[in-house]
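J.: Okay, here's the structure, questions in a sec.
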Amino acid sequence: MNYDIAIAGTGPAGLMTAERASAKGLRTVVLEKRKRVTDSLMGELVTDKALKFLRVRPNSEYIGNKYTSIVGESLDTGANIVVGREQLGNSYLFDEDNCQELMKERAESDGAEFRFEARVKSVIKDNGSVVGLKYNQTEEIRAGLTVGADGSFSKVSETAGFTHPKWLLSYGYRWKLTGCNGVDPEVAYFYVGKDVGLGYLWLYPRSETEVNLGIGRVPSSKANWDALPPMQDVLRKYKNGHPETKDAKIESINGGVVPCAGIIPRFTDAGVSLCGNAAGQVSSIIGGGVTTCFHAGTMLAKHAARAVEDSDFSRKSIRKYENEYMKSKMANSITQTGKGMWAVSKFAMFNDPIEAAETVLGSLDARTLNAAIQGKMGLGEMMALLTEFLPMVMSLGKGYLRSIAVSGL
Ligand SMILES: Cc1cc2nc3c(=O)[nH]c(=O)nc-3n(C[C@H](O)[C@H](O)[C@H](O)COP(=O)(O)OP(=O)(O)OC[C@H]3O[C@@H](n4cnc5c(N)ncnc54)[C@H](O)[C@@H]3O)c2cc1C
């Protein structure tokens, strides 16, 4: 059978594309190398936007918890900053398995077909156009549009010939802990610290007795990475050093890699498009990819339906998705945070970013910090940052220039 759309991957990008494409009546097939859609990491902390895309309510079974505030804290000095709902809006912890099942069931009820234990090997090309996928040993599938939603090391991207500039990759590792003691379920924590390196450690409670404890870090250089303790050790030290988590059981372990350098230069071509991590559609400073995947998948499904209606899968037709996507606010924010991440990573090659982060936590107000994280710095916030942190900003500038000179960029 020939499909309208063949999607590689059942992360948030692939599932949202499948859900929306099948709802539009497209003959949809999804290939996933794992055995099932659940038990994988879909990201966890999200805001109202993600719930809107997913069309679920805050008090439904799809939400694991809701927070009243988020605390950023230094593990070394205890300096902290509290970001309340006024700055951040609402923050939630997804119930990942339920959300993934929901998207799969919606897609299936609209006729989508899922094939598990189907490992994509390459795209199939015909006359310069992608016309389908090869998977497992010898199996093949044909479709008008092929979508690479197969993550940071996308086979679709590699074999379709998209170029990836040197990516800043963030390595993430997470434990689900049960049997905790006296956790405040309303507050989520982000920690920076010398052991953490360029990234953060997080504690997202599900209840008084259950939390997600994770760490994500970017290796600014091999030497910097090698000088840090392994990520598991940093989590263990945190777990054992806090009365709430000391006696907890590690219920499950998960991890992944998130691109943090912004959107790749081109992610569409004749018969093919990338979506999600594969295209670098991730908010870089915090490594948040769920909402951005939902946004990209929704828009891609709309363009897929148009291409099917016009029977036009040419480069020009599929590129309309890329053009509309790149004009969106979400893409602009990803691009800005991506640039910020490059600057921070370069700064970290020659300076101590943790010291800088700890200075920020010690004295910056929550509104300014929030604007910086979201890549939305207005003139007011910029001035506040410049006057309060002039020495730090000057050293950041120097470190940045020096690293540019060394790397030749
Ligand atoms: C530890 C950690 C914590 C995170 N926390 C958050 C958070 O709190 N909030 C947030 O917004 N984001 C978070 N993120 C980021 C978010 O999880 C990712 O950006 C998002 O999952 C990317 O979705 P995706 O669908 O593009 O790719 P993925 O989620 O990576 O999914 C890709 C899918 O493709 C499948 N696949 C890969 N190769 C093949 C192949 N060859 N053939 C078939 N299938 C294949 C994989 O098995 C997988 O199911 C976190 C990431 C990590 C690692």
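J.: Look through region 148-166, keep the residues that are part of a helix (DSSP H, G or I) and in contact (Cβ under 8 Å) with a residue 60 or more places away in the chain, and return whichever of them is nearest to the ligand (Cβ to nearest atom).
T.: Per the criteria, the residue is Lys155.
J.: Only one residue in Thr146, Thr209 is closer than 27 Å to Gly14 by Cβ and more than 16 Å from the chain's Cα centre (by Cα). Which one? Spell out how you get there, then give the answer.
T.: Details: Thr209 fails: closer than 27 Å to Gly14 by Cβ.
Testing whether each residue is closer than 27 Å to Gly14 by Cβ and more than 16 Å from the chain's Cα centre (by Cα) leaves just Thr146.
J.: Then there's this: Go through (1) surrounded by fewer than 21 Cβ atoms within 10 Å (Cβ to Cβ); (2) under 23 Å from Lys329 (Cβ atoms); (3) assigned by TED's automatic domain parsing to the domain that holds Ile253; (4) in contact (Cβ under 8 Å) with a residue 40 or more places away in the chain for Ile70 and report which single condition fails.
T.: Here Ile70 meets the rest and fails (1).
J.: Among the listed residues Leu177, Leu169, Leu145, which satisfies the condition of being touching a Phe, Trp or Tyr at 6+ places or on another chain (Cβ under 7 Å) and more than 8 Å from the ligand (Cβ to nearest atom)?
T.: Result: Leu145 is the single residue among Leu177, Leu169, Leu145 that is touching a Phe, Trp or Tyr at 6+ places or on another chain (Cβ under 7 Å) and more than 8 Å from the ligand (Cβ to nearest atom).
J.: Given the criteria touching a Leu at 6+ places or on another chain (Cβ under 8 Å), at pLDDT below 95, polar (S, T, N, Q) and not assigned by TED's automatic domain parsing to the domain that holds Asp195, does Ser152 qualify? Break it down into steps so the answer makes sense when it comes.
T.: Numbers: touching a Leu at 6+ places or on another chain (Cβ under 8 Å): yes; at pLDDT below 95: yes; polar (S, T, N, Q): yes; not assigned by TED's automatic domain parsing to the domain that holds Asp195: yes.
So Ser152 fits the description; yes.
J.: In this structure, is Asp97 under 18 Å from the mean Cα position of the chain (by Cα), part of a loop (DSSP other than H, G, I, E, B) and of a type in the set (Asp, Glu)?
T.: Criteria not met by Asp97.
J.: Okay, next question. If we keep just the residues of region 122-143 that are charged (D, E, K, R) and surrounded by 15 or more Cβ atoms within 10 Å (Cβ to Cβ), which is farthest from Ala8 (Cα to Cα)?
T.: Lys125
J.: If you don't mind, another one. Which of the residues belonging to region 207-228 are loosely packed, with under 15 Cβ neighbours inside 10 Å, under 13 Å from Thr245 (Cα atoms) and of a type outside the set (Gly, Ala, Ser)?
T.: Across region 207-228, the qualifying residue is only Glu208.
Each row is one residue, and each column tells you yes or no for (1) within 23 Å of the chain's Cα centre (by Cα); (2) more than 10 Å from the ligand (Cβ to nearest atom).
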| position | (1), (2) |
| --- | --- |
| Tyr3 | no, yes |
| Ile7 | yes, no |
| Thr17 | yes, no |
| Thr38 | yes, yes |
| Leu45 | yes, no |
| Ile63 | yes, yes |
| Thr68 | yes, yes |
| Thr77 | no, yes |
| Gly84 | yes, yes |
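J.: Can you name every residue in region 264-302 that is at pLDDT 95 or above, over 22 Å from Asn127 (Cα atoms) and more than 16 Å from the ligand (Cβ to nearest atom)?
T.: Lys302, the sole residue that qualifies.
J.: Taking region 246-284, which residues are assigned to a strand (DSSP E or B), closer than 16 Å to Gly199 by Cα and in contact with a Ser or Thr (Cβ under 8 Å, 6 or more places away or on another chain)?
T.: Residues satisfying the conditions are Gly256, Val257, Val258, Pro259, Ser283.
J.: Among the residues of region 111-135, count how many are within 15 Å of the ligand (Cβ to nearest atom) and assigned to a loop (DSSP other than H, G, I, E, B).
T.: 4
The values are calculated or read from the model by the stated rules, or taken from the named source; none is laboratory data. Only a predicted model underlies this, so the values are computations on that prediction, with no experimental measurement involved. Ideal geometry is used to build each Cβ from the backbone, glycine not excepted, and the neighbour counts take in all protein chains shown.
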